[in-house]
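No lab work stands behind these numbers, since they all come straight from the coordinates. This is a predicted model, so every value here is computed, not measured. Cβ atoms come from the backbone with ideal geometry, glycine included; neighbour counts cover every protein chain shown.
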Amino acid sequence: MLTAVGSLLRLGRDRLVRCPPFPPWGLTCYSSGEAPRGSGPQGPGKVHKVLVQHRPSQFDKKILLWTGRFKSMEEIPPQVPPEMIDAARNKARVKACYIMIGLTIIACFAVIASAKRAVQRHESLTSWNLAKKAKWREEAALAAQAKAK
């Protein structure tokens, strides 16, 4: 029906308005909303180079520091390219995944060690479960006796 590949459709007053997609940061944005058919621009005024700078938040600054892009907070400029922040976020995401993998492996060894100690004490999940159910039965019996009185 309505196909607008590479564009956004927004609802205006009683009509659909075709709006060009947001350009990727730092890449070429075509004023017609579509890429030219040939290899280069088709006429003057058709291509606008978008050089966008991004003002990093405190969190972005911490990520830039943690990933090693800058050595201190004072070195971070007030405006940085979005590609730099994206690259730092991706690097931080990978580092966080490696940390979680390491913590998971450590937790596995901790569970194995605690299970071996529980076996030495002759404890098992089955014995814990049976003891818990016996306690519940006693509590239910005492509650039934108290209710009968």
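The table that follows gives values for the structure above.
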item	result
Positive dipole terminus of the stretch 68-118, leading residue within 90, 76, 100 (C-beta point charges)	100
Ranked by how many other beta carbons lie within 10 Å on average, peptides 53-60, 107-114, 87-94 from highest	87-94, 53-60, 107-114
